[in-house]
Amino acid sequence: MTTATETTVTTQVYRVYINAPALKVWDAITDPEWNGRYGYHARQEYDLRVGGAYRALATAEMREFGAPEVLIDGEILELDPPRRLVQTWHAYFDEATTAEPTTRLTWELHEGDAGSTELTVTHELTGAPGTASVVRGDGGPGGGGGGWAWIVSDLKTFLETGSAIGS
Amino acid sequence: MAGVADDDDRVFRALADPTRRHLLDRLFEREGRTLTELESELEMTRFGVMKHLRVLEDAGLVVTRRSGREKLHYLNPVPIRLIHDRWIDKYTERQVSALVDLKRRSEAELEDSA
């Protein structure tokens, strides 16, 4: 039996191997020139310094469905290009996610010998069950897509073939 | 592309066992579990659970993280997503286009008979 005292430390981990050097993967994540071309196609701005701001901007299509201009915001906590980026991450998808506490997101890139990169996305979602559900892709295609699994899968396709599924 | 085929083989083989699917279900319900926690829910020796977890880890379906003295196990759904994108979408697309063809043909027949 679960009790009310059970801790709700919720962490999700996503790992993918991408046939591209770490620097290219890093750019695809942090450079607005690239990060709006796969997944949900939301352009993301990173002020790449510790304490710098992060913003994901809603696409025109998302705005039509009532999404706010800034879909997600956050702050950069740790920065070691092209290996490690730790940031806060607060989504404003709807009332529930807006009301939840800020979450913490870690990007880790390890370049292997064959020039491919192991990308691990760790999302700490303590006290944010609504956000956790969205980023896990619980809504399915009808409920806004596949979350992180879909995003990193599309990022791999984008970097390896030059075209994304979401496009 | 041999690497891709090998990766897929490992995922399919890992998923072909009911105990391993059960382990993934447990991790889906709650992420970040220790071996001891997982072991307590299965009628199996610690060694048996370790062996299954190793197969899942090799297939990329389980990722482990250290937290103090504990090793925590997380479900990584990305390999399943990649198989979905590569295989399932391909076949469901064909079904959809077959239906579209059928619709077009019956519409054309209707026009012919009109």
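General observations
- Selection of the range B:65-83 for residues being closer than 14 Å to A:Val13 by Cβ, without any contact (Cβ under 8 Å) to a residue 12 or more places away in the chain and more than 8 Å from chain A (Cβ to nearest Cβ) yields only B:Arg66.
- Any hit, the range A:63-70, residues being charged (D, E, K, R) and within 28 Å of B:Leu61 (Cα to Cα): no
- Within the range A:42-53, the set of residues being more than 12 Å from the chain's Cα centre (by Cα) and closer than 16 Å to A:Val152 by Cβ is empty.
- Per this entry, B:Glu57 is counted among residues that are within 17 Å of the chain's Cα centre (by Cα), free of Cβ contacts under 8 Å to residues at least 40 places away in the same chain and either outside any loop (DSSP other than H, G, I, E, B) or surrounded by 12 or more Cβ atoms within 10 Å (Cβ to Cβ) (or both).
- Among the conditions (1) more than 12 Å from chain B (Cβ to nearest Cβ); (2) in contact (Cβ under 8 Å) with a residue 24 or more places away in the chain; (3) in contact with a Phe, Trp or Tyr (Cβ under 6 Å, 6 or more places away or on another chain), A:Trp89 misses just one, which is (3).
- For the range B:33-47, filtering for residues that are touching a residue at least 12 places away in the same chain (Cβ under 8 Å) and in a helix (DSSP H, G or I) leaves 2.
- Filter pass, B:Leu42 being modelled with pLDDT under 90, on the phi < 0 side of the Ramachandran plot and in the same structural domain as B:Arg21 (by TED's automatic domain parsing): yes
- Strands (runs of 3 or more DSSP E) (entirely within the range A:72-167) containing at least 2 residues that are at pLDDT 95 or above and more than 15 Å from the chain's Cα centre (by Cα): A:103-111, A:117-124
- Residue check for A:Leu105: more than 14 Å from every other protein chain (Cβ to nearest Cβ), on the phi < 0 side of the Ramachandran plot and surrounded by fewer than 18 Cβ atoms within 10 Å (Cβ to Cβ): no
The values are calculated or read from the model by the stated rules, or taken from the named source; none is laboratory data. These figures come from a predicted structure and were not determined experimentally. Don't worry about glycine lacking a Cβ; one is built from the backbone with ideal geometry, like all the others, and counts go over all protein chains shown.
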